[in-house]
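Engineer: Quick one: the structure is below, and I'll ask about it shortly.
The values are calculated or read from the model by the stated rules, or taken from the named source; none is laboratory data. Everything numeric in this text was worked out from a predicted model, so none of it was measured. Every residue, glycine as well, gets a Cβ built from its backbone with ideal geometry; the counts of neighbours run over all protein chains shown.
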Amino acid sequence: MSVEDDLKDLLKTLGHPVVWGAFGGNVGFPRISLQRISNVTDYSLKGRAAIETARIQVNVAAERYGHLISLVPLVSRTLTDFRGGSVIRCKEISRRDFPMETGGDVVRQQMLDFMVRYRA
């Protein structure tokens, strides 16, 4: 399995729609999307070390602020506590608010950045 599948499947256990990339079509709220922001590959004297570190952004979006503030800490704990599959360690490095207006509605969103160390 890939780090993308491991993280996506882990977050699906929280009971909300999860996608790597962008949602297509009409998907309800709250919802979670993930994307890779950057990637670093480790090397040894013999070549690629098969261990990588990626900065992963997790976007949590909800229509109601109450849903957002209860789900974001749960997402953070779920990822930072996880060790398994290809994932060696997840560490939250930042969190920021990002409200979006969509046709008159306001969608509340928090973006969490994680450093994820994993087996390539």
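Engineer: Restricting to segment 15-28, count the residues that are buried (at least 17 other Cβ atoms within 10 Å of the Cβ) and either of a type in the set (Ser, Thr, Tyr) or over 16 Å from residue 57 (Cα atoms) (or both).
Structural biologist: 1
Engineer: When you scan segment 1-14, do you find a residue that is among the polar types (S, T, N, Q), touching a Phe, Trp or Tyr at 6+ places or on another chain (Cβ under 9 Å) and surrounded by 14 or more Cβ atoms within 10 Å (Cβ to Cβ), even just one? Please lay out each step first, then the result.
Structural biologist: Taking segment 1-14 and keeping what is among the polar types (S, T, N, Q), we get 2, 13.
From what's left, touching a Phe, Trp or Tyr at 6+ places or on another chain (Cβ under 9 Å): 2.
Then keep just the ones that are surrounded by 14 or more Cβ atoms within 10 Å (Cβ to Cβ); that gives none.
No, the conditions are met nowhere in segment 1-14.
Engineer: Sticking with this one: Write out, first by first residue and then by second, each pair whose Cβ atoms fall under 6 Å of each other, whose residues are 6+ apart or on separate chains, and whose first residue, in segment 1-23, is without any contact (Cβ under 8 Å) to a residue 40 or more places away in the chain while the second is basic (Lys, Arg).
Structural biologist: Filtered contacts from segment 1-23: 17/31; 18/8; 18/12; 20/8.
Engineer: So, of the residues in segment 80-120 that are hydrophobic (A, V, I, L, M, F, W, C) and touching a Pro at 6+ places or on another chain (Cβ under 8 Å), which turns out to be modelled with the lowest pLDDT? Spell out how you get there, then give the answer.
Structural biologist: Looking only at segment 80-120, we keep the residues that are hydrophobic (A, V, I, L, M, F, W, C), and these are 82, 87-88, 90, 93, 98, 100, 106-107, 111-112, 114-116, 120.
Next, only the ones that are touching a Pro at 6+ places or on another chain (Cβ under 8 Å) stay: 106-107.
On the way: 106: 78, 107: 83.
Looking at the filtered set, the residue picked out is 106.
Engineer: Name the residues in segment 38-59 that are among the hydrophobic types (A, V, I, L, M, F, W, C) and exposed (fewer than 11 other Cβ atoms within 10 Å of the Cβ), would you?
Structural biologist: Residues of segment 38-59 among the hydrophobic types (A, V, I, L, M, F, W, C): 40, 45, 49-51, 54, 56, 58.
45, the sole residue that qualifies.
Engineer: Would you be able to say whether some residue in segment 31-52 is of a type in the set (Lys, Arg), under 18 Å from residue 118 (Cβ atoms) and out of contact with any helix residue (DSSP H, G or I) (no Cβ under 9 Å at 6 or more places or on another chain)?
Structural biologist: yes
Engineer: When you go through 25, 15, 21, 47 one by one, which is the residue that is on the phi > 0 side of the Ramachandran plot and either at pLDDT 95 or above or of a type in the set (Val, Ile, Thr) (or both)? Can you show your working first?
Structural biologist: Details: 25 fails: either at pLDDT 95 or above or of a type in the set (Val, Ile, Thr) (or both); 21 fails: either at pLDDT 95 or above or of a type in the set (Val, Ile, Thr) (or both); 47 fails: either at pLDDT 95 or above or of a type in the set (Val, Ile, Thr) (or both).
Only one candidate passes the filter, namely 15.
Engineer: Looking at (1) in contact with a helix residue (DSSP H, G or I) (Cβ under 9 Å, 6 or more places away or on another chain); (2) over 16 Å from residue 8 (Cα atoms), find the lone condition where residue 84 falls short.
Structural biologist: The single condition residue 84 does not satisfy is (2).
Engineer: Going through segment 55-89 one residue at a time, which ones are in contact with a Lys or Arg (Cβ under 8 Å, 6 or more places away or on another chain), among the small types (Gly, Ala, Ser) and more than 14 Å from residue 112 (Cβ to Cβ)?
Structural biologist: Correct list: 86 only.
Engineer: Oh, and also: Can you find, within segment 68-118, the residue that is farthest from the chain's Cα centre (by Cα) among those that are loosely packed, with under 13 Cβ neighbours inside 10 Å and charged (D, E, K, R)?
Structural biologist: Among them, the one singled out is 105.
Engineer: Given segment 29-120, what strands (runs of 3 or more DSSP E) lie entirely inside it while holding 2 or more residues that are free of Cβ contacts under 8 Å to residues at least 24 places away in the same chain?
Structural biologist: Values: elements: 31-44, 47-62, 87-97, 100-102, 105-119.
It comes to 31-44, 47-62, 87-97, 100-102.
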